[in-house]
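Computed from the coordinates by the stated procedures, all read-outs in this text should not be read as laboratory data. Here the structure is a predicted model, which means the values were calculated and not measured. Ideal geometry is used to build each Cβ from the backbone, glycine not excepted, and the neighbour counts take in all protein chains shown.
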Amino acid sequence: MSEELTTHTVGIIMNGVTGRMGTNQHLLRSILPIMEQGGVKISEDEVIMPDPVLVGRNPVKLQKLSDRTGIEAWTTDLDAVLEDERYSLYFDAQRTDLRFKSVKKAVAAGKHIYCEKPTALTTEEAVRLHHIAEEGGVKHGVVQDKLWLPGLVRLKQLREEGFFGEILSVKADFGYWVFEGDTVSPQRPSWNYRKEDGGGIILDMFCHWRYVLDNLFGEVKSVSCLGTTHIGRRYEDDGTPYEATADDAAYAIFELEGGVVAQFNSSWTTRVRRDDLVTFQVDGTRGSAVAGLRDVWIQPGSATPKPVWNPDVESDHDFHKDWMQMPDQQDFDNAFKVQWELFLRHVVKDEPFRWNLLEAAKGVQLAEIGYEASEKRAWIDVPSLK
């Protein structure tokens, strides 16, 4: 005789869900698949089932998204839905400059918090948000999706197995050409290129780089950075030109705990000639690895070639063939979905979840220090946050 299934229903206020990230990664590739698979399975007789309400400012977009997904509950009235006891969790994927006020309001309403990053425009506000959530007694987490990308999961596996020996350096190359919008439509929204609206690649990407570096290679101790706006004029979707006031490229060096040096280039003004939109190369005393979003290529010390520098002689050596691709040893789910499931387990079962609003504040701090280092043309130390 089978036991009755226990279902923990978690009402989720999904604010900003009509945006690119909110729609694609969080709704279509995370919450909907969780619902379609029958919830987050805790045991043979216990599951967690999301119950989302879609929230945004545009009723036309919300209705279209409702029709597309079959999720009937939607509203433009955030205050009203925050008062609804059916919803215990607030998720925020709005523009960065709107997040602090909304999350603070959700904490005051007693909602648990899960949100995109950056969590605020300044470190002070990001730390305050952490303290507000702690004082409010709610559970809180931030999206740090890249930790569950297959490529980075495999790098972590190599590190834990001792493949690299002593890690010496990390190099990352991220970016692609984002069209200006005059002849070809842009792939990113215009607010990304207006500093006054919370745009800028340093604020966007350094929040990612902080948790990647801290979790995989060592805590960031100091930063040298040059941020710049290569393209100063871009176009709205309707062809209206606007001034790009935010940085669209950043060239940074991070000094990590243990003496590891990390060099990260981030750009929306570069054309891709590499294995993926982002690649990470890790060099160690015993071996090296290059990771994209999914695949990883390795070269142990015993299989490292011995090149000789001679620019006067044409070389026919194919250095790419000196690397071996790691085989598939496990199945990988969508990185955003994986972290959503972990946070839902944290909310319902109180399982550990260390990617909280203080970790989010560290990302904002690194971005803020990156801007300072760029303005001063100096190395800036990264103090600890509490």
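Here the stretch 132-184 and the stretch 1-43 have alpha carbon centers that stand 23 Å from each other.
What full-extension length gain, to one decimal in nm, is calculated for THR285 and LYS64 as 0.36 nm per residue of separation minus the Cα-Cα distance?
Gain on stretching THR285 to LYS64: 74.1 nm.
The residue list THR285, LEU149, GLY227 was ranked by how far each Cα lies along the charge dipole of the chain toward its positive end, using unit charges on Cβ atoms, and GLY227 comes out on top.
Taking the DSSP bridge list for the chain and keeping only pairs wholly inside it, about 60 percent are antiparallel. FRET efficiency for the LEU98 to LYS306 pair, using the beta carbon distance and R₀ = 41 Å, is estimated at 0.15. Of the trypsin sites (Lys or Arg not before Pro) found in the stretch 11-107, the ones in coil according to DSSP and having at most 14 other Cβ atoms within 10 Å of their Cβ are ARG57, ARG86. Summarised as an ellipsoid, the stretch 228-386 has semi-axes of 32, 28, 21 Å, derived from the eigenvalues of the Cα gyration tensor scaled by 5 and square-rooted, with the largest first.
Taking 32 Å as the limit for the C-alpha separation, the pairs LYS117/LYS321; LYS156/LYS321; LYS117/LYS376 exceed it in the case of LYS117/LYS321. Name all residues of the stretch 13-43 having a backbone nitrogen under 17 Å from the label point set 7 Å from the Cα of ARG294 along its Cα→Cβ direction, giving them as ranges. Only 25, 29-30 fall inside the zone, counting backbone N under 17 Å. As a proxy for reagent exposure, ranking PHE206, PHE280, PHE353 by other Cβ atoms within 10 Å from fewest up yields PHE353, PHE280, PHE206.
Structural descriptor for the chain: relative contact order 20 percent, calculated from alpha carbon pairs under 8 angstrom and at least 6 residues apart.
Under 16 Å of direct C-alpha separation, and excluding same-chain neighbours fewer than eight residues apart, LYS195 reaches these aspartates and glutamates: ASP97, ASP204, GLU236, GLU243, ASP247, ASP248, GLU368, GLU372, GLU375. Cross-link partners for LYS306 among the aspartates and glutamates, with Cα-Cα distance under 19 Å and sequence neighbours closer than 8 places in the same chain left out: ASP283, GLU314, ASP316, ASP318, ASP322.
Simple spin-label estimate for ARG274 and GLU243 gives 3.2 nm between the two label positions (7 Å along the Cα-to-Cβ direction from each Cα). For the stretch 237-309, the spread of Cα coordinates along the three principal axes comes to 57, 30, 27 Å, biggest extent given first. Using only alpha carbons, the chain has a radius of gyration to Kirkwood radius ratio (Rg to Rh) of 0.99.
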